[in-house]
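Below is one structure; the comments refer to it alone.
The values are calculated or read from the model by the stated rules, or taken from the named source; none is laboratory data. Every value quoted in this text rests on a predicted model; they were computed, and no experiment measured them. Heads up, the Cβs are rebuilt from the backbone with ideal geometry, glycines too, and the neighbour counts pull from every protein chain shown.
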There are 2 protein chains.
Amino acid sequence: MLNKYSKEDKALLAVDCIVFGFDGEDLKVLLIKRDFEPEKGKWSLIGGFLKKEEDLDKAAIRVLDHLTGLDNVYMEQFYVFSKVDRDPEERTISVAYYALIDIDSHNNEGTHLETAKWFSLKEAPELIFDYDQMLDKAVASLKRTIKINPIGFELLPDKFTMLQLQNLYESVLDEKLDKRNFTSKINALGILVRLNEKDKSSSKKGSYLYQFDTNKYNEKLKDGFVFKI
Amino acid sequence: MLNKYSKEDKALLAVDCIVFGFDGEDLKVLLIKRDFEPEKGKWSLIGGFLKKEEDLDKAAIRVLDHLTGLDNVYMEQFYVFSKVDRDPEERTISVAYYALIDIDSHNNEGTHLETAKWFSLKEAPELIFDYDQMLDKAVASLKRTIKINPIGFELLPDKFTMLQLQNLYESVLDEKLDKRNFTSKINALGILVRLNEKDKSSSKKGSYLYQFDTNKYNEKLKDGFVFKI
DNA sequence: TCAAAAGTGTTCACCGTACACCCATGG
DNA sequence: CCATGGGTGTACGGTGAACACTTTTGA
């Protein structure tokens, strides 16, 4: 097809997803053994190519679903990687997304998870292409964002304990936090509801379960509320 | 050329630059009358296509230089726009950058500036494609970033007065700030040097000129310093 | 009854904010 | 000498950080 732009160079567009997960203890990343050339058999991020009839957000969702069976996941674009030779096969520009999921709640899905595996951030293997760099950048981006947006709740089950929430923040930020200060800070935000339900799995006393209250949060946003941890 | 990826769809990649400028008074954006089809003659952002042999950062620099003559400019990628029909002519994915420049210092360059024009943000005309949306998103991104990174200095001449700096922040954030608080906050950062030079252009007493001290700033960064206004 | 985790308050230092007067100078 | 913009300090409330003991209950 000839048109006004016909003399311009075209390129392949990839979407690559850094899938972060949390199991109540550690922050992990989902990697996959690549099953096609080049670099077949090596550890890789979850990636695929943009198709004609979809935008990037849709492509990211499709690719993740296709490679892992994961569905209904929070995803956000965070950077574009475009070094000329980043993919040795052909010029490919990659739009990187990170995804956040609660590992335990998604255990049942993930029918394709034989090829994918969760790695603790510190134990992740070396990745192909510029994926190590992408991973670093995604972690940095997550650290920054989780302090000013309530995206952390995407990494937790619907109901969670204060300790789980604190563990999550400690994992992402990679620092210890004080329990009392953390609790009161979170409570002061006024965007969680404490249920009349306890999780007794980890203590005799049991710990209260909390839920993120989307409505309250949106109400507060309208009044100029700024989420900040 | 056939290769492993040969069945994948390709797309055009555009870079579009939102060029912000400051003249000591107002925050402005540089727009251009488009001189090619489609939409020839209408107001547009500064944009062009990515070439085979360059990465996106280089393309952004080239496009800006080519269309405006502006050189040596701070630029940062901030979002990718990929709606399927965002360019009616052909599927085009646009990586958007914003650029920051001090209008007065660059007055001499800009040999091509007959077709480009500075608009105050509030008086900018309607733009083609999804460029209005891009502009909005760039402004939001700038507001967020200028509070936590010293990018504001890119919009000022090498030497500037405290009042110019304050005007800049007021323009970007679109709110009034208190002179005494602003000055002491800035001074407390310890990343400016006050010169033994005064700018007498706007008063009899004259006001001190300041310079951003990159070395001091980098030193402080190493010690975990966080820029915050 | 005791071990193990949950829940809860106070103090203090620092920071952000509100607020108004004197200074220097050219005309 | 005076009009104009430049420069400066203080008081107060609020927020973030450090810090430890009591409660619950299943085993």
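For A:Leu177, state whether it is at pLDDT 95 or above and surrounded by 16 or more Cβ atoms within 10 Å (Cβ to Cβ).
Answer is no for this residue.
Among the residues of region B:82-91, is any in contact with a strand residue (DSSP E or B) (Cβ under 7 Å, 6 or more places away or on another chain), surrounded by 20 or more Cβ atoms within 10 Å (Cβ to Cβ) and under 16 Å from B:Phe20 (Cβ atoms)?
No, there is no match, as no residue in region B:82-91 is in contact with a strand residue (DSSP E or B) (Cβ under 7 Å, 6 or more places away or on another chain), surrounded by 20 or more Cβ atoms within 10 Å (Cβ to Cβ) and under 16 Å from B:Phe20 (Cβ atoms).
So how many residues does region A:180-192 have that are surrounded by 13 or more Cβ atoms within 10 Å (Cβ to Cβ) and either more than 9 Å from DNA strand C (Cβ to nearest atom) or charged (D, E, K, R) (or both)?
Total meeting the criteria: 6.
Is there a residue in region B:59-72 that is within 11 Å of chain A (Cβ to nearest Cβ) and modelled with pLDDT of 95 or more?
yes
In this structure, is B:Tyr131 surrounded by 12 or more Cβ atoms within 10 Å (Cβ to Cβ), at pLDDT 95 or above and touching a helix residue (DSSP H, G or I) at 6+ places or on another chain (Cβ under 9 Å)? Lay out the reasoning, then the answer.
Working: surrounded by 12 or more Cβ atoms within 10 Å (Cβ to Cβ): yes; at pLDDT 95 or above: yes; touching a helix residue (DSSP H, G or I) at 6+ places or on another chain (Cβ under 9 Å): no.
So B:Tyr131 fails the test.
Please give the strands (runs of 3 or more DSSP E) falling wholly within region A:144-229 in which 2 or more residues are more than 15 Å from DNA strand D (Cβ to nearest atom) and under 22 Å from the mean Cα position of the chain (by Cα).
Values: elements: A:159-161, A:192-199, A:207-212.
Ranges flagged: A:159-161, A:207-212.
So in region A:1-14, with the set limited to residues that are crowded, with 16+ Cβ neighbours inside 10 Å and among the aliphatic types (A, V, I, L, M), which one is farthest from the other protein chains (Cβ to nearest Cβ)?
Checking each candidate, the answer is A:Ala14.
Give just the number: which of (1) within 14 Å of chain A (Cβ to nearest Cβ); (2) assigned to a helix (DSSP H, G or I); (3) not charged (D, E, K, R) does B:Ala96 not satisfy?
(2)
Can you name the residue in region A:44-68 that is of a type in the set (Lys, Arg) and in a loop (DSSP other than H, G, I, E, B) and, of all such residues, is nearest to A:Asp87 (Cα to Cα)?
Filtering region A:44-68 for residues of a type in the set (Lys, Arg) gives A:51-52, A:58, A:62.
With the extra rule that they be in a loop (DSSP other than H, G, I, E, B), the set shrinks to A:51-52.
Working: A:Lys51: 18, A:Lys52: 21 Å.
Among those that are of a type in the set (Lys, Arg) and in a loop (DSSP other than H, G, I, E, B), it is A:Lys51.
When you scan region A:204-215, do you find a residue that is near DNA strand C (Cβ under 8 Å from one of its atoms), more than 14 Å from chain B (Cβ to nearest Cβ) and under 21 Å from A:Leu155 (Cα atoms), even just one?
Yes, because at least one residue in region A:204-215 is near DNA strand C (Cβ under 8 Å from one of its atoms), more than 14 Å from chain B (Cβ to nearest Cβ) and under 21 Å from A:Leu155 (Cα atoms).
Any residue in region B:33-59 that's farther than 22 Å from B:Gln133 by Cα: show its pairings with residues that are hydrophobic (A, V, I, L, M, F, W, C) and crowded, with 17+ Cβ neighbours inside 10 Å at Cβ separation under 8 Å, as long as the two are six or more apart or on different chains.
Pairs that qualify, where the first residue is farther than 22 Å from B:Gln133 by Cα and the partner is hydrophobic (A, V, I, L, M, F, W, C) and crowded, with 17+ Cβ neighbours inside 10 Å, are B:Lys51/B:Ala59; B:Lys52/A:Ala11.
Give the residues of region B:15-38 that are surrounded by fewer than 23 Cβ atoms within 10 Å (Cβ to Cβ) and either in a loop (DSSP other than H, G, I, E, B) or within 13 Å of chain A (Cβ to nearest Cβ) (or both), sorted by residue number.
Listed by number, the residues that qualify are B:Asp23, B:Gly24, B:Glu25, B:Asp26, B:Arg34, B:Asp35, B:Phe36, B:Glu37, B:Pro38.
Among the numbered criteria (1) in a loop (DSSP other than H, G, I, E, B); (2) within 13 Å of another protein chain (Cβ to nearest Cβ), which one does B:Gly41 miss?
With respect to (1) in a loop (DSSP other than H, G, I, E, B); (2) within 13 Å of another protein chain (Cβ to nearest Cβ), B:Gly41 is out only on (2).
Looking at the structure I just gave you, is A:Leu100 crowded, with 21+ Cβ neighbours inside 10 Å and either charged (D, E, K, R) or modelled with pLDDT under 95 (or both)?
For A:Leu100, the condition - crowded, with 21+ Cβ neighbours inside 10 Å and either charged (D, E, K, R) or modelled with pLDDT under 95 (or both) - is not met.
Which residues, taken from region A:175-188, are touching a helix residue (DSSP H, G or I) at 6+ places or on another chain (Cβ under 8 Å) and either on the phi > 0 side of the Ramachandran plot or not aliphatic (A, V, I, L, M) (or both)?
Going residue by residue through region A:175-188, those that are touching a helix residue (DSSP H, G or I) at 6+ places or on another chain (Cβ under 8 Å) are A:176-177, A:179, A:182-183, A:186.
The answer is A:Lys176, A:Lys179, A:Phe182, A:Thr183.
For region A:211-229, enumerate the residues that are of a type in the set (A, V, I, L, M) and surrounded by 11 or more Cβ atoms within 10 Å (Cβ to Cβ).
Hits for region A:211-229 are A:Leu221, A:Ile229.
May I ask you to list the residues in region B:134-145 that are surrounded by fewer than 21 Cβ atoms within 10 Å (Cβ to Cβ) and in contact with a Phe, Trp or Tyr (Cβ under 9 Å, 6 or more places away or on another chain)?
Scanning region B:134-145 gives B:Lys137, B:Val139, B:Ser141, B:Thr145.
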